[in-house]
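Structure first, then comments.
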Amino acid sequence: MRGTWAVVMSLVMAAAAAAQEARAGRFNLLDGPTAGVGEEQQQKDQERVVKVAGSPLQDELPHGESNKPMWSDHRPSPTTRIYLQVDSGEVEFEQWVDIRIKKDTHAGKEVRLSEEFEFGLGSRFQLDLYANSIFEGAGQASTLDVRSWAAEIRYALADWGVIWGNPTLYFEYIIWNNGGNGNGDGATSSIEPKLLLGGDILPALHWGMNFFVEHTTNGSVLEMGATGTVFYTVLDKYLNIGATLKTVYESDELPGGTHDRSRELYLGPSFQLRMAPYQSEVISNGQKTPVTKTRAHVDFEPLIGLTGHSKRAMILFVFGWDF
């Protein structure tokens with residue numbers, strides 16, 4: 001199964017890269033005998049941008065160095081990532097609270113906390129740095145420990161709208177803390193590649209999908225799965241509501257070479273409220289355009305477990321602030 005996932009992800013990434021190169025090739029022929037083809041494609045792209053910018057919703061306004069829409073400036077879902085959140089020179093902080101309610105009522109609650117800084121590096125690159133901790137609720141025996149530290153790099157293969165699904169490559173390196181109750185599975189580190197997809201369905205209606213594989217460097221744990229989110233702009237610039245689906249397959253190596261395997265499936269609503277508005281300007285279609293931006297956002301996503309291996313619920317809160 002691991003090999004199949006690797007082949008599928010490789011083919012998707014290769015196809016996306018080929019599409020980008022093909023597009024670049026058309027534009028490089030503007031001075032040659034087939035210049036008309038490039039001009040025609042350029043005109044179509046310009047018509048697409050003007051059409052999107054003509055939407056009555058500010059959330060649809062394309063802007064910045066990658067021409068991405070305003071709705072993508074904040075993380076639309078805690079579970080599903082889409083494209084890039086920050087442009088060159090921008091910084092965002094996010095505080096995560098991930099509450100996991102187990103089916104065994106005697107097992108207590110598990111709360112995962114994460115602090116994340118996101119940096120826009122330019123040229124469609126983004127760097128994220130995390131510090132992760134875990135709280136195990138068990139009455140007087142409750143513990144709070146550092147779980148891990150992580151760094152993540154994202155690269156969008158093209159400007160927004162150039163390739164279907166706006167494919168973005170994601171790679172995360174995780175260093176585990178195996179002391180105390182860090183739950184590091186005995187591994188010193190893990191790697192996690194992801195393919196991020198997302199885009200527009202209709203004005204105000206958007207989608208995102210992720211495919212991921214996480215593997216400890218000592219081979220003890222393999223986790224793979226997919227997420228999908230659809231969300232709608234209820235109040236332009238301020239409120240999105242949607243639904244999220246997540247599926248995870250996990251294989252843990254036990255002493256003696258046996259494996260403990262689980263298949264989890266979660267479904268639930270997704271909400272995003274944006275706050276702290278301020279007036280600003282963005283470059284859209286080559287012109288300065290006045291807009292109302294928001295510095296803060298709160299995401300709330302309560303997911304219910306649907307399989308026997310799933311937890312009873314996973315409840316995620318994210319508070320973000322743009323600098």
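Remark: the Thr289-Phe271 segment gains 3.7 nm on full extension, using 0.36 nm per residue and subtracting the alpha carbon distance. Name the residue from Gln126, Leu222, Ile201 whose Cα lies farthest towards the positive end of the charge dipole of segment 116-232, charges +1 on Cβ of Lys and Arg and -1 on Cβ of Asp and Glu. The listed residue farthest towards the positive side: Ile201.
When Trp96, Trp71, Trp164 are compared by accessible area of protein heavy atoms, the largest-first order is Trp164, Trp96, Trp71, using a 1.4 Å probe. The calculated FRET efficiency for the pair Tyr173 and Phe319, based on their C-beta separation and a Förster distance of 35 Å, comes to about 0.90.
Note on segment 197-323: Kirkwood radius taken over Cα pairs, Stokes-Einstein applied at 10 °C and 1.306 mPa s, translational D equal to 92 µm² s⁻¹. In straight Cα distance, which lysines are under 26 Å from Lys246, not counting same-chain residues fewer than 8 positions off? Filter leaves Lys68, Lys102, Lys103, Lys109, Lys194, Lys311. With every protein chain in place and a 1.4 angstrom probe, the accessible-area ranking of Glu253, Glu214, largest first, reads Glu253, Glu214. Extension gain for the segment Leu235 to Val97, taken as residue separation times 0.36 nm less the Cα-Cα distance, is 47.2 nm to one decimal. A straight chain from Asp104 to Leu129 at 0.36 nm per residue would run longer than the Cα-Cα distance by 5.7 nm. The calculated FRET efficiency for Thr217 paired with Tyr155, based on their beta-carbon distance and R0 = 30 Å, is about 0.85.
The values are calculated or read from the model by the stated rules, or taken from the named source; none is laboratory data. Note that the structure is predicted; figures quoted are calculated from it, not measured. No Cβ is skipped: glycine too gets one built from the backbone with ideal geometry, and neighbour counts run over all protein chains shown. Just so you know, the surface numbers come from the protein's heavy atoms only, side chains and all, with ligands and any DNA or RNA stripped out. Shrake-Rupley method; radii C 1.70, N 1.55, O 1.52, S 1.80 Å.
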